[in-house]
Amino acid sequence: MLVSALTGLPSVAGAAIGALFGTLSREVLSASLAFAAGAMLFVTFDQVIPDAEELSEGGHSGTLGAVAGVLTSIVLSQLLH
């Protein structure tokens with residue numbers, strides 16, 4: 001849980017930097033967004049899915065739920081853009 005909580009800190013730091021410096025170049029913004037996405041993926045694969053698998057008591061509902069979430073997000077993204 002501590003690791004999960006700590007991964008939110010880069011978002012706070014990024015918001016503070018954005019507030020202090022106003023606008024950022026497209027390259028810095030792109031790198032920042034990719035970094036945030038990587039941090040979220042790490043927490044998902046390192047913490048959330050293993051915890052969900054443990055709760056499923058030998059089943060694979062945690063992994064299936066993650067896959068269903070990704071597929072739903074892809075479909076919604078395609079429909080909305």
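Rule-based calculations on the coordinates, nothing more; no lab input. Worth saying up front: this structure is predicted, and the values here are computed from it rather than measured. Cβ: placed from backbone, ideal geometry, glycine included. Neighbour counts: every protein chain shown.
Counting only alpha carbon atoms, the long axis of helix 9-21 and the longest principal axis of the chain meet at about 20°.
If R0 is taken as 41 Å, the Cβ-Cβ distance between Leu29 and Glu57 corresponds to a FRET efficiency of 0.40.
Annotation: extensible slack from Ala36 through Leu76 equals 12.3 nm (criterion: 0.36 nm per residue apart, minus Cα-Cα distance). Divide the volume of the convex hull around the Cα atoms of the chain by the residue count and you get 102 Å³ per residue. Starting from the Cα of Val67, step 7 Å toward the Cβ, then list every residue of region 38-61 with an amide N under 12 Å from that point. Hits in region 38-61 for Val67 at 12 Å: 60-61.
Note on the chain: helix-only mean residue ellipticity at 222 nm, from DSSP H runs of 4+ residues weighted -39500 (n - 2.57) and normalised by residue number, equals -24500 deg cm²/dmol.
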